[in-house]
1. What are the pairs, 6+ residues apart or on separate chains, where a residue within the stretch 62-78 that is among the charged types (D, E, K, R) has its Cβ under 6 Å from a residue that is modelled with pLDDT under 80?
2. With L77, L84 as the choices, which residue is buried (at least 22 other Cβ atoms within 10 Å of the Cβ), over 16 Å from the mean Cα position of the chain (by Cα), of a type in the set (A, V, I, L, M, F, W, C) and at pLDDT below 95?
3. For the stretch 115-128, check the following and say yes or no: at least one residue is under 20 Å from L29 (Cβ atoms) and of a type outside the set (S, T, N, Q).
4. Within the stretch 80-95, which residues are more than 17 Å from D48 (Cβ to Cβ) and not β-branched (V, I, T)?
5. Any idea which residue in the stretch 26-58 is nearest to F247 (Cα to Cα), counting only those that are of a type in the set (D, E) and not in a strand (DSSP E or B)?
6. Any chance you could count how many residues in the stretch 235-267 are of a type outside the set (F, W, Y) and within 20 Å of A186 (Cα to Cα)?
7. Sort through A98, A111, A63 and tell me the only one that's within 30 Å of G16 (Cα to Cα), assigned to a strand (DSSP E or B) and either modelled with pLDDT under 90 or of a type outside the set (D, E, K, R) (or both).
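The values are calculated or read from the model by the stated rules, or taken from the named source; none is laboratory data. These numbers come from a predicted model, not from an experiment. A quick note on method: Cβ atoms are made from the backbone with ideal geometry, for glycine too, and the neighbour counts reach across all protein chains shown.
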Amino acid sequence: MIIVRSPVRISFAGGGTDLPSYYEKHGGLVLSTSINKYFYTVLTDRQDEQTQIISSDLRALEACEDIEQIELHGSELEIPLAVLKRVRPQMGTNLFLASEVPPGTGLGSSASVCVGVLKAFSTRLGREMTRAELAETAFDIARNILKRPVGKQDEYATAFGGLNVFKFDAEGTEAEAVMLSAETLADLQQNLLLFFTGSSRDSSNILAEQDLSVQQRHDRVLEALTAMKDLVLPMREALLSGDLDAFGNLLDMGWNLKKQISSQISNARIDQIYETARNQGAPGGKLTGAGGGGFLLLFCPRDCQQAVRNSMREFGLKEMRFQFDLAGTRVVYNDPFFDADSGAGMQWMFRPALEPLAG
């Protein structure tokens, strides 16, 4: 049995410049951190040639003997299925998937799924991959196999873990860890609040619109993306110097720039929630993903946090407490003897019930 834990992330600045349509011509920069909300992958061997995937979050099951015959598109489990098609394990496996956050919430959960499943299979097959290889392979699966209009930041954030500046260009990707003092790191963490807006969304439409705008060289979108990229290094310097007030103000600048990219990124309700938080003392914040819903990240000094929490509660928003993750995707359990006993119950098969149970 192998258990892999892969974190989700929150992005502070530069999101959108990690799409190939932008970074291959202009270069991209993103500042982000992984957090201690995880996606778990449990991989066990089978005694037959069946492949079975179960997602507890999606309440979905896929089972087959020939993975090549499975149609990816339209399946709720297209990400793990795409990984299986890529790695071709040549053995029967059970794959159980579970997450601490729902999908479509702007925290990079799709990338966390893909990197986690890749890590589990690369470990089981003895084909250990570096963090960069995990990220690049997961990005290739999402972009070129599943045809999703995604960027690279999510895959790199979950694979590497910690607080990083990622530099993207046509030649490749560089990861630079941002090493803060223990005091600044603790202060930053304590001044960040995360609230679920109550709606999840598929970011594909927003990203596809942005992708097309960049390809067609729309000046407004290109200028906004470049201005967002230009906030990354000042934001890093603000953190390194411990100037968290400047960090909060830069978050606000980035959010206002982000809204210029697409009309789908925000809406009247989100704008009202954000302005209310600012009026209660939060100098800056942003939606954590492509936009349209998901989680609202706020930078808020501790003396204003209770007022902000109260105002968010009035909008029906639920807070998710978190801490920073510094480890990235990793194996948390690996017992090669767990599957050795053919009587260990690992040849299980779930099937939908044909009739309701009595009683």
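1. Matching pairs, first to second residue: E78/L72.
2. Working: L77 fails: buried (at least 22 other Cβ atoms within 10 Å of the Cβ).
Exactly one of L77, L84 is buried (at least 22 other Cβ atoms within 10 Å of the Cβ), over 16 Å from the mean Cα position of the chain (by Cα), of a type in the set (A, V, I, L, M, F, W, C) and at pLDDT below 95, namely L84.
3. Residues of the stretch 115-128 under 20 Å from L29 (Cβ atoms): none.
Scanning the stretch 115-128, I find no residue that is under 20 Å from L29 (Cβ atoms) and of a type outside the set (S, T, N, Q), so the answer is no.
4. Of all residues in the stretch 80-95, those more than 17 Å from D48 (Cβ to Cβ) come to 80-83, 85-88.
Once the filter is applied, which keeps residues that are more than 17 Å from D48 (Cβ to Cβ) and not β-branched (V, I, T), the stretch 80-95 yields P80, L81, A82, K85, R86, R88.
5. Taking the stretch 26-58 first, the residues of a type in the set (D, E) are 45, 48-49, 57.
Now drop any that are not not in a strand (DSSP E or B), which leaves 48-49, 57.
Working: D48: 55, E49: 53, D57: 35 Å.
So, considering only residues that are of a type in the set (D, E) and not in a strand (DSSP E or B), the one nearest to F247 (Cα to Cα) is D57.
6. Here is the first cut: in the stretch 235-267, the residues of a type outside the set (F, W, Y) are 235-246, 248-254, 256-267.
Narrowing the set further to residues that are within 20 Å of A186 (Cα to Cα) leaves 235-246, 248-251.
The number of residues fulfilling the criteria is 16.
7. Details: A111 fails: assigned to a strand (DSSP E or B); A63 fails: within 30 Å of G16 (Cα to Cα).
Answer to the selection: A98.
Let's see how each residue does on (1) over 23 Å from P103 (Cβ atoms); (2) among the β-branched types (V, I, T):
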residue: T17; (1), (2): yes, yes
residue: L29; (1), (2): yes, no
residue: I35; (1), (2): no, yes
residue: V42; (1), (2): no, yes
residue: R46; (1), (2): yes, no
residue: Q50; (1), (2): yes, no
residue: I53; (1), (2): no, yes
